1. Restricting attention to the stretch 116-158, report how many residues are of a type in the set (Val, Ile, Thr), in contact with a helix residue (DSSP H, G or I) (Cβ under 7 Å, 6 or more places away or on another chain) and more than 17 Å from Gly244 (Cα to Cα).
2. Would you confirm, using the coordinates I've provided, whether Lys296 is out of contact with any Gly (no Cβ under 6 Å at 6 or more places or on another chain) and either closer than 26 Å to Val74 by Cβ or not in a strand (DSSP E or B) (or both)?
3. Restricted to the stretch 142-179, and to residues that are within 17 Å of Ile211 (Cβ to Cβ) and basic (Lys, Arg), which residue is surrounded by the most Cβ atoms within 10 Å (Cβ to Cβ)?
4. Could you grab me the full set of residues in the stretch 264-293 that are in a helix (DSSP H, G or I), in contact (Cβ under 8 Å) with a residue 24 or more places away in the chain and under 24 Å from Lys71 (Cβ atoms)?
5. Would you pick out the residues in the stretch 305-323 that are assigned to a helix (DSSP H, G or I), within 16 Å of Gly236 (Cβ to Cβ) and open to solvent by less than 30 Å² (accessible area, probe 1.4 Å)?
6. In the list Asn291, Asn271, Asn303, which residue meets the criterion of being out of contact with any Asp or Glu (no Cβ under 8 Å at 6 or more places or on another chain) and over 30 Å from Glu78 (Cα atoms)?
7. Assess whether Asp253 counts as being open to solvent by 20 Å² or more (accessible area, probe 1.4 Å) and either at pLDDT 95 or above or farther than 30 Å from Asp167 by Cβ (or both).
8. How many of the residues in the stretch 362-378 are of a type outside the set (Ser, Thr, Tyr), open to solvent by 90 Å² or more (accessible area, probe 1.4 Å) and under 24 Å from the mean Cα position of the chain (by Cα)?
Amino acid sequence: MAHSAAISQVSLGVPVGSDPALRRSVFKTNSITFSGKSWAPSLSVDLKSRNAQIKSRSIVCMSVQQASRSKVAVSPLELEDAKEPPLNYFKPKEPYTATIVSVERIVGPKAPGETCHIVIDHGGNVPYWEGQSYGVIPPGENPKKPGTPNNVRLYSIASTRYGDNFDGKTGTLCVRRALYYDPETGKEDPSKMGVCSNFLCNAKPGDKVKITGPAGKIMLLPESDPNATHIMIATGTGVAPYRGYLRRMFMEDVPTFKFGGLAWLFLGVANTDSLLYDDEFTKYLKDYPDNFRYDKALSREQNNKKGGKMYVQDKIEEYSDEIFKLLDGGAHIYFCGLKGMMPGIQDTLKRVAEERGEKWEEKLSQLKKNKQWHVEVY
């Protein structure tokens, strides 16, 4: 495959996220091409501007700086010409050994739990489409089958096929560290922590990681109609595939895909500090107000119309008439996150449908038949 070499790495960083003390750059460049024009940062100037950025908290990562100047021109990969997505190039018995590029905490200090942005170098050998997943095999033995490797854990990829470095050689995962606290003592029990999530969140640049895949076709972004409407609903790290969609739509200048439709993101998290990639999404909202909408449900900071906690299904209900009209017009709707999100959402959609004089089961069946309904929960 042909890959562009637009970006090479140096040790210059720009803070990522709304809490610079906790988030550090994963976008580090010598030079980048903006629609045919070359731009390279000055180390001496950047060190001064970086300090100013930390104080102002206005610039969050190199990719957002790029997007604020112009779309990032990328050299199209051969993957753009493929008729079918890449699938299962590497399987559990013969995984690909990739390299960790960076692991960055991307939530603020008041967020419950820790979520990390993890960039993995696959050298262009494990290509993927937006909406697919990588499997990760953590080191160690399977406790249920001594002598055998740990089971594969699937993670939605949070970058476009070009990766965070825009050269087609990296993939990004958005991983929440899974910890267990004893309900009686309230103390953390290390014996029950998530094996793979903790391995990834504890990884250091240069560490090796065994990956499989890419996997999945359910969440692929349909591109046959560049003017289509895409309604994206996520809780927590379920936002991962949508980050890939939105970067492809609004950040990258891809000759083969010019988005002119509507992307509408609903993101449910606990509080403001828990928002993931909020700065990127807010930038798109500013730059593409006719093509992007962004609604947040902050359960610990907002109330729904009944006075209870605001969950993503409450936001869906708030805009239900508009959502149903868009679905009737052929819009795609996506759900990604914890399994627990779906019952509440389904109940809300069913209630709204009945209020509109429609039978939800029949409507859902039609949406699935039309391939407008995309669900990936875990």
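The values are calculated or read from the model by the stated rules, or taken from the named source; none is laboratory data. What you see is a predicted model; the values in this text were computed from it and never measured. All Cβ positions, even for glycine, are placed from backbone atoms using ideal geometry, and neighbour counts span all protein chains on display. Heavy atoms of the whole protein, side chains included, go into the accessibility calculation; ligands, DNA and RNA do not. Shrake-Rupley method; radii C 1.70, N 1.55, O 1.52, S 1.80 Å.
1. 1
2. On the way: out of contact with any Gly (no Cβ under 6 Å at 6 or more places or on another chain): yes; either closer than 26 Å to Val74 by Cβ or not in a strand (DSSP E or B) (or both): no.
So Lys296 fails the test.
3. Here the answer is Arg161.
4. Across the stretch 264-293, the qualifying residues are Asp278, Asp279, Glu280, Phe281, Lys283, Tyr284, Asp287.
5. Listed by number, the residues that qualify are Val312, Lys315.
6. Asn303
7. So Asp253 does not fit the description; no.
8. Counting residues in the stretch 362-378 that are of a type outside the set (Ser, Thr, Tyr), open to solvent by 90 Å² or more (accessible area, probe 1.4 Å) and under 24 Å from the mean Cα position of the chain (by Cα) gives 2.
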